[in-house]
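J.: For reference, the structure I am asking about is given below.
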Amino acid sequence: NLRNQKNRLVLEASSLTLQNTKFTFSGLLDESPERRLTLHLRLDRGNLSGWDGLLTPLSSYQTRGTLNADLSVTKALGSPEGELDLRGVLSLVGVQAKEKNSGRGIDQLNSKISFLGKQARIERSSLRLGSSTLAFEATVPELARPVVQYSLWSPKLNLADATSRPAYRTAWMKELRSTGALQHGQGGMTLRGNFSSSEGSAQEIPYRNLTGEILWTPGGTSFKGLSFRALGGTFRADGAWE
């Protein structure tokens with residue numbers, strides 16, 4: 001429902017249905033030199049079942065869960081550098097995304113994402129990965145820069161839930177904690193952070209008091225300050241592998 005109002009194009013309350021999810025939205029386009037677009041979007045209890053048929057990255061997954069959103073977007077269209085201002089809240093409730101062939105994936109994802117203009121904050125978030133439960137929080141200091149500062153913890157992580165490699169079938173980490181940053185650059189995604197685990201097992205060798213720092217890139221992984229107790233002694237190491 002569009003109408004002209006002097007130098008503005010006004011979008012009255014309207015709706016759009018995708019799959020079985022109905023969005024309501026309104027806004028205006030101000031034909032000033034900046035050509036400023038303002039858009040308000042709302043979604044109540046959107047059903048994510050069937051979204052694997054709408055979004056290519058989800059095509060190999062079975063999806064379900066609930067999405068809620070109440071967002072306000074402002075963007076200056078007059079120049080490529082026009083700043084984006086995004087405010088409001090998006091929440092995910094009971095979201096599942098599992099591979100259709102193997103059944104592997106995430107379950108019971110619950111998260112609240114608050115948009116604060118040029119920043120975003122991810123709060124009160126948790127998910128299940130196989131038999132493991134993870135909780136996490138994160139911030140995005142600048143939406144224009146793809147950097148996510150995260151904090152993650154798990155009472156017990158079975159590594160077989162995160163990878164299908166046979167070497168990790170009996171590996172687990174208790175009281176896992178990690179803080180760091182995820183960044184997307186020209187070479188792909190990188191992760192830099194520190195981690196700790198009170199006890200666990202790797203290659204069927206039990207350990208205690210594991211700590212260290214890690215840098216992961218698509219081309220390899222490096223670590224420093226790695227320390228843990230095992231086999232009656234204390235091990236310390238720095239290293240890397242491709």
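J.: Residues that are in contact with a Lys or Arg (Cβ under 8 Å, 6 or more places away or on another chain), farther than 24 Å from THR38 by Cα, open to solvent by 40 Å² or more (accessible area, probe 1.4 Å) and part of a strand (DSSP E or B): does region 83-91 have at least one?
T.: no
J.: Restricting to region 151-176, name every residue that is over 17 Å from ILE122 (Cβ atoms) and open to solvent by 60 Å² or more (accessible area, probe 1.4 Å). Even if it seems obvious, please write down each step before you answer.
T.: Here is the first cut: in region 151-176, the residues over 17 Å from ILE122 (Cβ atoms) are 155-176.
If the condition is that a residue be over 17 Å from ILE122 (Cβ atoms) and open to solvent by 60 Å² or more (accessible area, probe 1.4 Å), then PRO155, LYS156, ALA162, SER164, ARG165, PRO166, TYR168, ARG169, THR170, TRP172, LYS174, GLU175 are the ones that fit.
J.: Would it be correct to say that LEU143 is at pLDDT 90 or above and not small (Gly, Ala, Ser)? Even if it seems obvious, please write down each step before you answer.
T.: Working: at pLDDT 90 or above: no; not small (Gly, Ala, Ser): yes.
No: the conditions fail for LEU143.
J.: Are any residues in region 155-181 of a type outside the set (D, E, K, R) and in a strand (DSSP E or B), and if so, which ones?
T.: Quick first cut of region 155-181, residues of a type outside the set (D, E, K, R) only: 155, 157-160, 162-164, 166-168, 170-173, 176, 178-181.
Hits for region 155-181 are PRO155, LEU157, ASN158, TRP172, MET173, LEU176, SER178, THR179, GLY180, ALA181.
J.: Go through (1) among the hydrophobic types (A, V, I, L, M, F, W, C); (2) in a strand (DSSP E or B); (3) open to solvent by 50 Å² or more (accessible area, probe 1.4 Å) for LEU143 and report which single condition fails.
T.: LEU143 satisfies every listed condition except (2).
J.: While we're looking at this one, here's another question. Checking LEU182 against (1) under 30 Å from LEU86 (Cα atoms); (2) modelled with pLDDT of 95 or more, which single condition isn't satisfied?
T.: Answer for LEU182: the failing condition is (2).
J.: With (1) closer than 30 Å to LEU37 by Cβ; (2) under 15 Å from the mean Cα position of the chain (by Cα); (3) surrounded by fewer than 16 Cβ atoms within 10 Å (Cβ to Cβ); (4) not aromatic (Phe, Trp, Tyr) as the list, and GLN108 as the residue in question, which single condition is left unmet?
T.: Just one mismatch for GLN108, condition (1).
J.: Just to check your reading of the model, which residue among ALA160, ALA171 is in contact with a Leu (Cβ under 8 Å, 6 or more places away or on another chain) and without any contact (Cβ under 8 Å) to a residue 40 or more places away in the chain?
T.: On the way: ALA160 fails: in contact with a Leu (Cβ under 8 Å, 6 or more places away or on another chain).
Matching residue, one of ALA160, ALA171: ALA171.
J.: Follow-up question, since we're still on this one. Within region 1-43, take every residue that is open to solvent by 90 Å² or more (accessible area, probe 1.4 Å) and under 17 Å from LEU90 (Cα atoms) and give me the one that is farthest from the chain's Cα centre (by Cα).
T.: LYS22
J.: Among the numbered conditions (1) modelled with pLDDT of 95 or more; (2) among the charged types (D, E, K, R); (3) over 24 Å from GLU137 (Cβ atoms), tell me where ARG165 comes up short.
T.: (1)
The values are calculated or read from the model by the stated rules, or taken from the named source; none is laboratory data. In this text the structure is predicted, and so the values were computed from the model without any measurement. Ideal geometry is used to build each Cβ from the backbone, glycine not excepted, and the neighbour counts take in all protein chains shown. Each accessible area value is taken on the protein alone, full model and side chains, heavy atoms only, with ligands, DNA and RNA left out. Shrake-Rupley method; radii C 1.70, N 1.55, O 1.52, S 1.80 Å.
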